[in-house]
Amino acid sequence: MQKLDRIKLKFSHGNLFLLGCMDTRIIQKKMFNSDTEQSEFDEMAEAGERDPLKEDEPVKKEGWFGIVSYNNPTSWLDWYKPGALTFLRMKCREKNHADIPDEEELNDKLPVHKIDKDGQEKLKNPTDPIQFMWIGHATFLVQFDGLTVLADPVFLERCSPVKFAGPYRYRPTPCEIEDLPKIDAVIVSHNHYDHLEHDAVKKLNTRFSKIKWYVPEGTGSWFRGYHCQNVKEMTWWDEDVLSEEKKDVRFCCVPAQHWSQRTPLDAMTSLWCGWVIKSKHTFYYSGDTGYCPVFKTIGEKYGPMDLSAIPIGCYAPRYFMKPQHIGPEEAVQVHNEVGSKCSVGIHWGTFDGLGSHEFYLEPKQLLEEAVRKAKEGNENFGKFFTVEHGEIIPIKSNQDTTKDSKDKDGAKL
């Protein structure tokens, strides 16, 4: 590893080890409706034509001692990994505008709904076609078609390799792992500490021994080190059937523009991704991502999406965050390009110290403004909104999630 790379690593994860992992065309296609149906991409490949998916494959290289490294496609021209000097410039010159207030104001502006017995019952026996609960940042629970899926499990007070330092949670979790219903699968977007916590993995694996772990290529050994048995490593455009009992449920690994690192020695040695889950309904989680050309392709291959979880925060200053994290305006573009009927904004309002400098409520405010502009003259836009921590949101039809449909189970902090 070169000396400059070592310098970069020291500044890659928050104030000590973790640096917040940073930072398009309307689609309404209907593909992959059954296992026997082929997509247009398959038909083009069989005919010997150019395969659009080949343009959006990760760069994969084998180095010394057989260590594999990954990078984003060279055709994604907006991608670059900011180095140590850029990080120092941000830290020394930029003011942090987060301005997180005291707990009383937070409880009013950004309340947390603690899951009570009624909430646990609703999670255990969902009655709506799709049900969604934001646990915080990029951790959420989505339920549809008899499935319960947890994403990017993080429950600790700090998303850091140590418990005494690093980015801290200024909004508590609305529940603990013990409060969750039976989980069929966990989807993991990448190995940064604000998206993957070893304590949560151990607890989940202990409580749900048959859980299936969908993880990006290069991270499987880490999960098996915590005795996870049913681990499925996947690369971009791979697909997997959940189980013999649920052959109609497919988990699809899709591209995202980001990077990976968990220790000072493993930068870019595992992949990062988003996920599409196809059953009777289709769900999309973009993972951490900068804006890149791939979203239209994802929408054409798998859309329209009945529900999407798309990040809207940790985007400022743009010269540092843009390649790795989208902002609210770009999130609206992603919503359009993947053909999402309904999207929820995540990756905001939870942790301080991830490296971003925007006002803590700005992602929500800018999203509302961007959605209002996007809807002008576009009656097919659908819905894109934010929810409160711990709210159980029923999606009653393929595009109806209004404020009137929000569930208020649980005690609000």
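Please go through segment 54-78 and pick out each residue that is at pLDDT below 95 and crowded, with 18+ Cβ neighbours inside 10 Å.
The answer is Asp56, and nothing else.
Looking only at residues in segment 337-370 that are buried (at least 24 other Cβ atoms within 10 Å of the Cβ) and of a type in the set (S, T, N, Q), which one is nearest to Ile298 (Cα to Cα)?
Ser340
Quick check on Leu150: is it out of contact with any Leu (no Cβ under 7 Å at 6 or more places or on another chain) and either over 16 Å from Phe351 (Cβ atoms) or in a strand (DSSP E or B) (or both)? Before the answer, list the steps.
Working: out of contact with any Leu (no Cβ under 7 Å at 6 or more places or on another chain): no; either over 16 Å from Phe351 (Cβ atoms) or in a strand (DSSP E or B) (or both): yes.
Judged against the criteria, Leu150 is not a match.
What do you reckon, is Thr173 at pLDDT below 95 and polar (S, T, N, Q)? Can you show your working first?
Working: at pLDDT below 95: no; polar (S, T, N, Q): yes.
Answer is no for this residue.
Taking the residues in segment 317-333 that are under 13 Å from the mean Cα position of the chain (by Cα) and among the hydrophobic types (A, V, I, L, M, F, W, C) as candidates, determine which candidate is farthest from Glu391 (Cα to Cα). Steps first, please.
Just the residues of segment 317-333 that are under 13 Å from the mean Cα position of the chain (by Cα), to begin with: 324-326, 331.
Subsequent filtering for residues that are among the hydrophobic types (A, V, I, L, M, F, W, C) retains 326, 331.
On the way: Ile326: 24, Ala331: 21 Å.
Checked segment 317-333; the qualifying residue farthest from Glu391 (Cα to Cα) is Ile326.
Which of the residues belonging to segment 195-210 are outside any helix (DSSP H, G or I) and more than 21 Å from the chain's Cα centre (by Cα)? Explain how you work it out, then say what you get.
We begin by selecting, within segment 195-210, every residue outside any helix (DSSP H, G or I); these are 195-197, 208-210.
Scanning segment 195-210 gives Phe208, Ser209, Lys210.
List pairs: first in segment 148-164 and of a type in the set (Lys, Arg), second not in a loop (DSSP other than H, G, I, E, B), Cβ under 8 Å, 6+ apart or cross-chain?
Arg158/Tyr168; Arg158/Arg169
Of the conditions (1) in contact with a Gly (Cβ under 9 Å, 6 or more places away or on another chain); (2) at negative phi, Leu180 satisfies every one except a single condition; which number is it?
The failed condition is (1).
Looking at segment 296-324, which of its residues are more than 28 Å from Glu239 (Cβ to Cβ) and hydroxyl-bearing (Ser, Thr, Tyr)?
Step one: list which residues in segment 296-324 are more than 28 Å from Glu239 (Cβ to Cβ), which gives 313-322.
Tyr315, Tyr319 - these are the residues of segment 296-324 that are more than 28 Å from Glu239 (Cβ to Cβ) and hydroxyl-bearing (Ser, Thr, Tyr).
Can you tell which of Asp35, Asp99, Asp108 is assigned to a loop (DSSP other than H, G, I, E, B), at pLDDT 75 or above and more than 21 Å from Ala256 (Cα to Cα)? Steps first, answer last, please.
Details: Asp35 fails: at pLDDT 75 or above; Asp108 fails: assigned to a loop (DSSP other than H, G, I, E, B).
When all the criteria are applied, what remains is Asp99.
The values are calculated or read from the model by the stated rules, or taken from the named source; none is laboratory data. These numbers were taken from a predicted model, which means no experiment stands behind them. Positions of Cβ are backbone-derived with ideal geometry, glycine not excepted, and every protein chain shown enters the neighbour counts.
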